[in-house]
Every structure is written in C-alpha cells, then in structure tokens.
Amino acid sequence: KAGVTQTPRYLIKTRGQQVTLSCSPISGHRSVSWYQQTPGQGLQFLFEYFSETQRNKGNFPGRFSGRQFSNSRSEMNVSTLELGDSALYLCASSYGLAGSYEQYFGPGTRLTVT
Amino acid sequence: DAKTTQPTSMDCAEGRAANLPCNHSTISGNEYVYWYRQIHSQGPQYIIHGLKNNETNEMASLIITEDRKSSTLILPHATLRDTAVYYCIVRGSGGGADGLTFGKGTHLIIQP
C-alpha cells in the first residue's frame, strides 16, 4: 500500500506571497492532520480534517487554513507568508480520527520564505 | 494529554538491544502510550502503542510498568539505521484538540 505523499517536496517563496501544499493520504484513511516543524519549536499541530470537516485546530493564526476533498486528499494554504513560516510541513493520515488511531506521516514539504 | 519525560540522548552498540525509557507519571486510565521516531529530515514514523499490556510488533517491543507511570521501548537488535529521535507520547482514546504533542524526544545514536 502506498504511503502518504506530499507535494511539492521543496518550495521557496517570498514574504507576502501565499502557498498551497498538498497531501494524499494512505488509501482508505479518512483523517489528515497537518504539523509544522521548526528547529526552535519542534513539531506543532496545525489542524486535522476528517470527512471534509475540520475537527481539531492548533494554536496558529488564521493565515493558516486547510481543506479536505471527498477523496480524503487535503491541501494546506498559508497566506501573507512571513519569514517565520519557513519550516518543514508534515501531513499525517490515519484510518479514523487521529486521537484513536496511529498516524502515518509523509516526507514533508520544506518551505523556505525569503 | 499527560506529559512525558525522556532522556535527551542515548548511545547503543550496533547489534545490541536499545532500551529507551519514558516517564509518564500523570497518565490517566484511558490514555495510551505511543512511540514514534524521526530520522533526520524525514517525517515521523509510527512504531508501536499500548495501553497497559506489553506489546510487540516487527519493529519493537513496548513494556509498560504495572502502575503505568513509565514504559520502555525496546529495539531488540539495533542497526545503524535505527539512529533517530524517538518520541514517547501519551494520548487519550478519542484524542484531544491539539493533535499529537511531540516533546524533545530521545536522540538515539547507534554506534558501529
């Protein structure tokens, strides 16, 4: 069974721009969660989508948003990019809600904001 | 979710068993212990989880003390590819609103 895939793997953007990242979960998984990883803050939870609905949300500003499609694929959008948004963005899929099932992570998208 | 405490780093010789401890003294009755690892610049990888009984899979064994206040992840025959940061996470069934909470983890270094 194919793992979680994320596109693109690497991205360079300029301050003020916006970016959209994509995540395809493992086949049959209905939950997708997004995380941000930086050297200073470690892994931080952004949000979780299940059945096209946002179920949980971390403590990030409204510039960070997401959505999930009927095939469970998910996108994350960051608007008005700031230098501090440079990070590795990880998505993870699970069969059901992440609180009850183990999560499987993708390789991440490395975003650099200049 | 309960807080966990892990050593910052550990060394282990290749071929030996690596035993990674985790303290979770405030764990409550419905909280599971999960272990993940992250190899440099890759996404975290699920290893194993358990509630109160010891668990074993193809990757590792998880030993949870009877009072559930601590646990040990055992990699039976460590290889160089097991060098990674290992995270012990306590999570309630049904989860919380904050996703998985990753602490600093233990940096396990397998020595040849």
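The values are calculated or read from the model by the stated rules, or taken from the named source; none is laboratory data. As the structure is a computational prediction, the values presented were derived from the model and not from experiment. FYI the Cβ positions are ideal-geometry reconstructions off the backbone, even for glycines, and counts take in every protein chain you see.
Restricting attention to segment B:7-50, the residues that are within 14 Å of chain A (Cβ to nearest Cβ) and either under 20 Å from B:LYS104 (Cβ atoms) or surrounded by 15 or more Cβ atoms within 10 Å (Cβ to Cβ) (or both) add up to 21.
Which ones in segment A:74-88 are in a strand (DSSP E or B) and of a type in the set (D, E, K, R)?
Of the residues in segment A:74-88, the ones in a strand (DSSP E or B) are A:74-78, A:87-88.
Result: A:GLU75, single match.
Before we move on, is A:SER24 modelled with pLDDT of 95 or more, surrounded by fewer than 20 Cβ atoms within 10 Å (Cβ to Cβ) and more than 19 Å from B:GLN38 (Cα to Cα)? Even if it seems obvious, please write down each step before you answer.
On the way: modelled with pLDDT of 95 or more: yes; surrounded by fewer than 20 Cβ atoms within 10 Å (Cβ to Cβ): no; more than 19 Å from B:GLN38 (Cα to Cα): yes.
Taking the combined requirement at face value, the residue does not satisfy it.
Could you tell me whether segment A:69-90 includes any residue that is within 12 Å of chain B (Cβ to nearest Cβ), under 30 Å from B:LEU51 (Cα atoms) and either modelled with pLDDT of 95 or more or within 14 Å of the chain's Cα centre (by Cα) (or both)? Please lay out each step first, then the result.
Of segment A:69-90, the ones within 12 Å of chain B (Cβ to nearest Cβ) are A:88-90.
Keeping just the survivors that are under 30 Å from B:LEU51 (Cα atoms) gives A:89-90.
Imposing the further condition that a residue be either modelled with pLDDT of 95 or more or within 14 Å of the chain's Cα centre (by Cα) (or both) reduces the set to A:89-90.
Checked against the condition, which is being within 12 Å of chain B (Cβ to nearest Cβ), under 30 Å from B:LEU51 (Cα atoms) and either modelled with pLDDT of 95 or more or within 14 Å of the chain's Cα centre (by Cα) (or both), segment A:69-90 yields at least one hit.
Identify, please: which residue in segment A:93-114 is part of a strand (DSSP E or B) and in contact with a Leu (Cβ under 8 Å, 6 or more places away or on another chain) and is, among those, farthest from the other protein chains (Cβ to nearest Cβ)?
So in segment A:93-114, the residues part of a strand (DSSP E or B) come out as A:93-94, A:104-105, A:109-113.
Still in the running and in contact with a Leu (Cβ under 8 Å, 6 or more places away or on another chain): A:105, A:109-113.
Numbers: A:PHE105: 3, A:THR109: 10, A:ARG110: 8, A:LEU111: 14, A:THR112: 14, A:VAL113: 18 Å.
Looking at residues that are part of a strand (DSSP E or B) and in contact with a Leu (Cβ under 8 Å, 6 or more places away or on another chain), I get A:VAL113.
Rundown of residues vs (1) within 14 Å of B:GLY43 (Cα to Cα); (2) not hydrophobic (A, V, I, L, M, F, W, C), yes/no style:
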| site | (1), (2) |
| --- | --- |
| A:GLY3 | yes, yes |
| A:CYS23 | yes, no |
| A:GLY40 | no, yes |
| A:TYR95 | no, yes |
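Can you pull out the residues in segment A:27-48 that are loosely packed, with under 15 Cβ neighbours inside 10 Å and under 19 Å from A:ALA98 (Cβ atoms)?
Step one: list which residues in segment A:27-48 are loosely packed, with under 15 Cβ neighbours inside 10 Å, which gives A:27-28, A:38-41.
Within segment A:27-48, A:SER27, A:GLY28 qualify.
Against the condition farther than 26 Å from B:ILE39 by Cα and free of Cβ contacts under 8 Å to residues at least 24 places away in the same chain, how does A:ARG63 come out, does it pass? Steps first, answer last, please.
Details: farther than 26 Å from B:ILE39 by Cα: yes; free of Cβ contacts under 8 Å to residues at least 24 places away in the same chain: yes.
Against the criterion (farther than 26 Å from B:ILE39 by Cα and free of Cβ contacts under 8 Å to residues at least 24 places away in the same chain), A:ARG63 qualifies.
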